[in-house]
Amino acid sequence: MVVKPKYLAKRLWGSAFGVGFLALGIITLGGSYQPDPEVADRALGFGTTLVIAGLAALAASWLIADLDKIWCRPPKRPWWRG
């Protein structure tokens, strides 16, 4: 595996997105020890989903060469010269 340094801003934003999902997933997994089994089951499922999404976002941000197909670029505006 090779870490790609191109598109650094997109990679950092994607990483922040992934870390946010990962942190929320870990916090939610802590709620899976509730006394109510239905709440515990939902917290476990939601936390697991968020951890997987966070890891996928981190992996996609740093291991894929062309990020334009993953993290969308802003639309072209004819009135903007930037």
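Taken together, the values in this text are just the output of simple stated rules run on the coordinates, not laboratory data. Treat the numbers as computed from the prediction; the structure is a model and nothing was measured. Here Cβ is always computed from backbone atoms with ideal geometry, including for glycine, and neighbour counts include all displayed protein chains.
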Report the full-extension gain for the segment Arg42 to Leu8: residue separation times 0.36 nm, less the Cα-Cα distance, to one decimal in nm.
8.6 nm
Each residue of region 17-34 in order: what ³J(HN,Hα) in whole Hz does its phi give by Karplus 6.51 cos²θ - 1.76 cosθ + 1.60, θ = phi - 60°, with x for Gly and Pro?
4, x, 5, x, 4, 5, 5, 5, x, 5, 5, 5, 4, x, x, 7, 9, 7
Would you please give the residues with an amide H less than 5 Å from that of Gln34, counting only those at least 5 places away or on a separate chain, with H modeled from the backbone geometry?
Ala40
Ordered by fewest other Cβ atoms within 10 Å, a rough proxy for footprinting exposure, Val51, Val19 read Val19, Val51
